[in-house]
Amino acid sequence: MTPEAAPAFSADTVRLISIFGIGVVLVLITGLYSIITTRNLLRVLIGIEILAKSVTLLLIVVGYAANQIALAQALVITLIIIEVALMVVAIGVVLCVHRTTGSIDAAVLRELKG
Amino acid sequence: MTLDVVLLAVLVLFALMTVSAPRILWSVIGLAAVSAVLTILMFQFNAPIAGVFELSVCAGLIPAIFISAISLTRRLSPEAVAERKREKLRRFAILPIILIIAGVLLSQLHLVLNFAPPVPESGDANVRTVMWTVRHADLIGQLVVLLGGVFAVVVLIKEFRRDA
């Protein structure tokens, strides 16, 4: 018994995924470049936010293309909640670092001991 | 489709502006703009509930938290600001070129994107149904993450008060 062939995406959907896939990769590169090149801890967090945006966009586009937009929305809501909790705690830590060292430069953290 | 592509281009441009802005406040405003454009795209893709979350939390709350944090840090001297501007311009001048090259290369790749067959969604599938029936474990995870975040912030504020 041969397995039934899976229905393929339409040409429009493939074009949509291709265009938005490129956009997602470009936003991802932007966020990664920002994280790699900057030493300002707040800018590193902004870079992480940009990465999260690209993942959010990818989830929505793939959910729309695969006709699973409700599931995609549920995943995006979970992602947003995790993102906001992460940001609040990370900004609190950055402020503690600023209070301790007087700077938000990541290079200063190399001097921390214990 | 055309509007979606234009919005995608605007999103990439705002992301570029966010990471390369000389002042961190402009970066935060750029981040809010990225979220706002992403919200419009979500509405275009029939995802209004996720769009409302994105707009209220990512374009509203997170920039507000960032701005509060920036207001608590020390302002740089004008000389240091000018020096940072020059350094930033030198570092980020190459990024648009990298993005253009990556975009051209990716468009020439012709990747096979039929990685998953489109599954017909059941008629009563909405976010509420999916959250409560399919992804109910996520809700517990979200609660744990939120409570963990609140606990961490309380501990950090305690440290602040002890230091003050």
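The values are calculated or read from the model by the stated rules, or taken from the named source; none is laboratory data. The structure displayed is predicted, hence computed values, not measured ones. Every residue, glycine as well, gets a Cβ built from its backbone with ideal geometry; the counts of neighbours run over all protein chains shown.
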> (1) surrounded by 17 or more Cβ atoms within 10 Å (Cβ to Cβ); (2) over 26 Å from B:M1 (Cα atoms): which one isn't true of B:W26, the others all being true?
Replying inline: (1)
> Only one residue in A:T13, A:T30, A:T38 is surrounded by fewer than 19 Cβ atoms within 10 Å (Cβ to Cβ) and of a type in the set (S, T, N, Q), so which one is that?
Replying inline: A:T13
> Which residues, taken from the range B:1-20, are farther than 13 Å from B:P96 by Cα and either touching a Lys or Arg at 6+ places or on another chain (Cβ under 9 Å) or among the basic types (K, R) (or both)?
Replying inline: B:M1, B:L11
>> Take B:V10 and tell me if it is touching a helix residue (DSSP H, G or I) at 6+ places or on another chain (Cβ under 9 Å), more than 25 Å from B:N126 (Cβ to Cβ) and crowded, with 22+ Cβ neighbours inside 10 Å.
In response: no
>> Can you name every one of the helices (runs of 4 or more DSSP H) wholly within the range B:1-115 that holds 3 or more residues which are in contact (Cβ under 8 Å) with a residue 24 or more places away in the chain and under 18 Å from the mean Cα position of the chain (by Cα)?
In response: B:2-20, B:24-44, B:62-72
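So that you can scan it fast, the table gives a plain yes or no per residue for (1) among the aromatic types (F, W, Y); (2) assigned to a helix (DSSP H, G or I); (3) within 7 Å of chain B (Cβ to nearest Cβ):
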position	(1), (2), (3)
A:I29	no, yes, yes
A:Y33	yes, yes, yes
A:Y64	yes, yes, yes
A:N67	no, no, yes
A:L75	no, yes, no
A:L79	no, yes, no
A:I82	no, yes, yes
A:H98	no, yes, yes
A:A107	no, yes, no
> Out of (1) closer than 30 Å to A:I22 by Cβ; (2) surrounded by fewer than 22 Cβ atoms within 10 Å (Cβ to Cβ), the odd one out for A:I69 is which?
Replying inline: (2)
> Which residue out of B:L113, B:L95 is at pLDDT below 80, facing another protein chain (nearest Cβ under 10 Å) and in contact with a Ser or Thr (Cβ under 7 Å, 6 or more places away or on another chain)?
Replying inline: B:L113
>> Testing A:I22 on (1) surrounded by 22 or more Cβ atoms within 10 Å (Cβ to Cβ); (2) at the interface with another protein chain (Cβ under 7 Å from one of its Cβ atoms), one condition comes back false. Which one is that?
In response: (1)
> Conditions: (1) of a type in the set (S, T, N, Q); (2) in contact (Cβ under 8 Å) with a residue 60 or more places away in the chain; (3) touching a Leu at 6+ places or on another chain (Cβ under 8 Å). A:N40 meets all but one. Number of the miss?
Replying inline: (3)
> Regarding A:S54, is this residue over 16 Å from B:I49 (Cα atoms), in contact with a helix residue (DSSP H, G or I) (Cβ under 7 Å, 6 or more places away or on another chain) and facing another protein chain (nearest Cβ under 7 Å)?
Replying inline: no
